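Written out below as structure tokens is the structure these notes cover.
Each reported figure results from applying straightforward, stated rules to the coordinates on display, with no laboratory input. Predicted model only: the values in this text are computed from it and were never measured. All Cβ positions, even for glycine, are placed from backbone atoms using ideal geometry, and neighbour counts span all protein chains on display.
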Amino acid sequence: MTEHNKHPFEQFRAEREAGNAKALDTDSLLIKRFFGLDKTAYGEGKLDSKTKELLGLVASMVLRCNDCIDYHLEQAVKQGWNKEEIDEAMGVAMLVGGSIVIPHLRHAKTSLEFLFNEQAQQQ
């Protein structure tokens, strides 16, 4: 697939990776530690990392960050959450966030469709 024919989710992945590399190309200990803290927060703890991804997804939807939504959706699918479980978590986000979350739900459902189709092709 050429760069112009990439699915928007694949473009998101590439841009996120490139952006993270630029962000971490710094001598700022604060920036590096913040990125490290984020990685640590989603690791295993009293809550398993699988559950934390759904928490991250709900928070991202309520905060209306599509990049964050895509990241957490991808991690949730990798962790083994199914469509119905993710839909239920997104329902909680709608309840907490209200109708302003609807455009982000639309975005999430499009991304989720891509991720589950991609997963099915890899099996």
- Message: Using helices alone, I'd like the mean residue ellipticity at 222 nm for the chain: each DSSP H run of four-plus residues gives -39500 (n - 2.57), total over residue count, nearest 500.
- Response: -25500 deg cm²/dmol
- With +1 on each Lys and Arg Cβ and -1 on each Asp and Glu Cβ, how big is the dipole of segment 3-122 about its Cα centre, in debye rounded to the nearest 20? 280 debye
- Query: So for the pair Ala59, Arg13, with labels modelled 7 Å out along Cα→Cβ, what separation do we get in nm?
  - Reply: 2.5 nm
- Message: Give me the extension gain from Leu29 to Ser49: residue separation times 0.36 nm, minus the current Cα-Cα distance, reported in nm with one decimal.
- Response: 4.7 nm
- Message: Can you classify segment 1-88 as rounded, prolate or oblate using the Cα gyration tensor, where a ≥ b ≥ c are the square roots of its eigenvalues, rounded means a/c under 1.5, and otherwise it's prolate if a/b beats b/c and oblate if not?
- Response: oblate
- Note on the structure: In terms of the charge dipole of the chain, which places +1 on Lys and Arg and -1 on Asp and Glu at the beta carbon, the residue among Gln121, Ala108, Ser28 farthest towards the positive end is Ser28
- Roughly how many nanometres apart are two label points built 7 Å out from the Cα toward the Cβ at Leu95 and Phe116? 2.1 nm
- Please work out the C-alpha center-to-center distance from segment 29-72 to segment 84-123 and express it in whole Å. 16 Å
- Query: segment 35-123: which GluC sites (Glu not before Pro) are DSSP loop and have at most 10 other beta-carbon atoms within 10 angstrom?
  - Reply: Glu44
